[in-house]
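Below is one structure, written out as structure tokens; comments come after it.
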């Protein structure tokens, strides 16, 4: 009789062990995010198309010439600001006059923000209504802008060289820098 009892007990234990049909495992996943920022023109390039302003009439010289709108976009995972400056304090001259004329950027080339979708504010002396002079020193253009994947703004230039400079091509680079706060 003892043998029969032992066989029955083994059968019950074996049946209970087969009833377990699931198992699990876990794994920790870390996302290691770095700060990232990018500023480009609407075409996706960090170099914008050349802006050409033609001075063909005396009214152009007297009143100045305005450029077409230029659109820039910032992508950043943190709040940011945008500064603007020119690559030099004076325009580079290409022409036939000798000695080479020196046209300063300050007082000749101005900028205004025509559209601001950055969530930030336009920094003084810049505005959306009037043109402020550019120069070689970096100046705050936009401040306290919101992080995001498509923060854009638009600018226009105005050039007012007056009548003091001879014919030729006068060139300067305008540099925009986006910096995380």
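What follows is calculated from the coordinates using simple rules that are stated; it is not laboratory data. Note that this is a predicted model, so its numbers are computed, not measured. Note that we place each Cβ from the backbone using ideal geometry, even for glycine, and neighbour counts take in every protein chain shown.
Which of (1) 23, 20, 17; (2) 74, 15, 15; (3) 71, 15, 13 is the computed semi-axes √(5λ) of the Cα gyration tensor in Å for the structure on display?
(3)
Can you sort 53, 103 so the residue with the fewest Cβ neighbours within 10 Å comes first? The partial results should precede the final answer.
Numbers: 53 16, 103 21.
Exposure proxy ranking, most exposed first: 53, 103.
Taking 8 Å as the Cα distance limit and 6 or more residues as the minimum spacing, I'd like the relative contact order of the chain as a percentage.
Working: 346 pairs, mean separation 54.3, N = 181.
The normalised contact order for the chain reaches 30 percent.
What's the exposure ranking of 43, 145, going from fewest to most Cβ atoms within 10 Å?
Ranked by crowding around the Cβ, least crowded first: 43, 145.
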